[in-house]
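The values are calculated or read from the model by the stated rules, or taken from the named source; none is laboratory data. This is a predicted model, so every value here is computed, not measured. Please note: Cβ atoms are built from the backbone with ideal geometry, for glycine as well, and neighbour counts cover all protein chains shown. The accessibility values were calculated without ligands, DNA or RNA, using every heavy atom of the protein model including side chains. Shrake-Rupley method; radii C 1.70, N 1.55, O 1.52, S 1.80 Å.
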Amino acid sequence: MGDVGGAAARDRFSDLLDQVDAAYAEMIETPSDSIGSGFRMTMAERLELQERRNRALMYQVFGQLADPPDESGSVPAIKPRLAARLRIPVREVTRRFRTAALLCARRQVSGPALPPLLPVVADATAQGTLGEDHLKAIANTMAKLPSCTSVTDRTEVEATLVRESAKQDADFVTELGRRLDEVFNPDGHYDESDRARRRGLTLGAQGSDGMSKLTGFVDPEARASIEAVAAAVRPGRHQPDGTVEAQNRDERSPAQRCHDGIKLGLKIALGTTEMGSHRGHPVTVIVRTTLAELEQAAHAVVDPGVSMPAPARTGGSTALPMRDLVRMAADAIHYLAVFDDHTERPLYLGRQSRIATADQRIICYSRDGGCTRPGCLEPGYHSEVHHSPAWHPDGRTDADALYFACGPDHKLVTDGHWQTAVTEDGRLAWTDGEAPPGVNRAHHPEELLRGDPDG
Ligand SMILES: [Zn+2]
């Protein structure tokens, strides 16, 4: 009885979506050579507006997926499934849920629903006035307003930004937001919580040259420490090649000395036991390589006739050039995982304990590289150790039954949303019950070359 309305609504939505599909298909087929550029401008404008409407519906769907009025939902359980069906990264799924949370009415356990956190923005989005970039600009400005800003002022800022978004592009709105922020906070009265909210460093993706861009904001305390280490790396001291005496030949820029100072500080910190432990082994750099590659690299460092092998991988999936690895290993790497060259399968280390020991975790770094759920890119540093088949009180817990799974995915399998099984070649296969079991090739890209290994 209760789903009669649901069935009718589903039929109606399916019908409407079919109509949109049909209209797009016909538009793509219809010759547009003779429509004239005046009409092309009109068409571009309408396509842009349609995309904004499409986004508004998307956020409505995400808002209801996160908090369905008709049934109970579990965001962690649907995230990977949603990401797989839409072929978008989980991070984008998360971003959409977060934006939807700003735009949707907030249901309460009892009493009427509260208005959305950004009600003016929600209205304008539904009408197709705001594009993704406008939404981002407004949400960023609202999030950055100092905590001392009154509710009335916040509403005023929101309404102003929405009104201007209807006339201007997002770059203008971003700049306007920055200037309004100054109006409301001329003296820069930021308190501890404002600084805590704004702090953050993002280590960008590693480029093909091995370099990564670091961006973000540090708080005053972090700045003071960075200043101190950068000053310690003064001209002539702590040269990258280890020379100390060449006082006059330090040609490093201030930016390069700051970089070397932070690197030195981190290296010293990792050399102590003060960093504690990470999932059962001391915090340190973990690198996967084979004995043959390591020997070749050691020879290549001293003999230009020997070629340098391909970079090793760290537990964070960073490509670490072998030359750098040999230099780091000279200082001390406590966990340099080295594996049999032929099988790449490490020796099993039988253990009785429920908690995977450090040695067993190291084995997972080599075989799995990172989370074993198909399509998951989380590296080893972010992974927990999953027991498959499920750990049994009087059973053995040896390396054959231990596999990497990132926190969210480990929880999904623990909660029974996914099942896992060990394949014939010793890898962990996952299934959500719908798709056939699959192994994760993301940490073994070489397996994807020469055709689809699972196709
Ligand atoms: Zn994962």
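Label separation (Asp219 vs Leu57): 4.5 nm, computed from points 7 Å beyond Cα along the C-beta direction. Provide the FRET efficiency to the nearest 0.05 for the Glu424-Val75 pair, computing r from the beta carbons and using R0 = 35 Å. Once the sixth-power term is evaluated, E becomes 0.50. Modelled this way, with points 7 Å down the Cα-to-C-beta line, the labels at Leu266 and His278 are 1.0 nm from one another.
What size of dipole, in debye to the nearest 20, comes out for the stretch 103-200 about its Cα centre when the only charges are +1 on Lys and Arg C-beta atoms and -1 on Asp and Glu C-beta atoms? Walk me through the numbers on the way to the answer.
Working: 13 positive and 16 negative charges, 79 e Å.
Around 380 debye, computed over the stretch 103-200.
With all protein chains present, how much of the accessible area of the stretch 1-110 (probe radius 1.4 Å) comes from carbon and sulfur, to the nearest whole percent? Please list the in-between numbers first.
Values: 4710 of 8340 Å².
In the stretch 1-110, the share of accessible area belonging to carbon and sulfur is 57 percent.
Accessible surface area normalised per residue over the stretch 41-184 is 61 Å², counting heavy atoms of protein chains with a 1.4 Å rolling probe.
With a/c under 1.5 counting as rounded, go ahead and sort the stretch 41-184 into rounded, prolate or oblate using the C-alpha gyration tensor (a ≥ b ≥ c being the square roots of the eigenvalues; past the cut-off, prolate if a/b is larger than b/c, else oblate). Walk me through the numbers before you get to the answer.
On the way: a/c = 1.86, a/b = 1.25, b/c = 1.49.
In terms of gyration-tensor shape, oblate.
The value of relative contact order for the stretch 1-127, using C-alpha pairs under 8 Å at least six residues apart, is 20 percent. At full extension, Arg154 and Leu17 could sit 45.6 nm farther apart than now, given 0.36 nm per residue minus the alpha carbon distance. For Ala312, what residues show an amide H to amide H distance below 5 Å, using hydrogens built from the backbone and excluding near sequence neighbours? Here the answer is Leu320, Met322, since their amide H atoms fall under 5 Å of that of Ala312. Shown in residue order for the stretch 126-132 are the 3J(HN,Hα) couplings computed by the Karplus curve 6.51 cos²θ - 1.76 cosθ + 1.60 at θ = phi - 60°: 4, 7, x, 6, 9, x, 3 Hz (x for Gly and Pro).
Put a dot 7 Å past the Cα of Arg178, heading toward its Cβ, do the same for Val109, and the two dots end up 4.4 nm apart.
What FRET efficiency comes out for Ser193 versus Ala8 if R0 is 51 angstrom and r is the Cβ-Cβ distance? Round to the nearest 0.05.
Numbers: r = 48 Å, r/R0 = 0.95.
Computed FRET efficiency for Ser193 and Ala8 comes out at 0.60.
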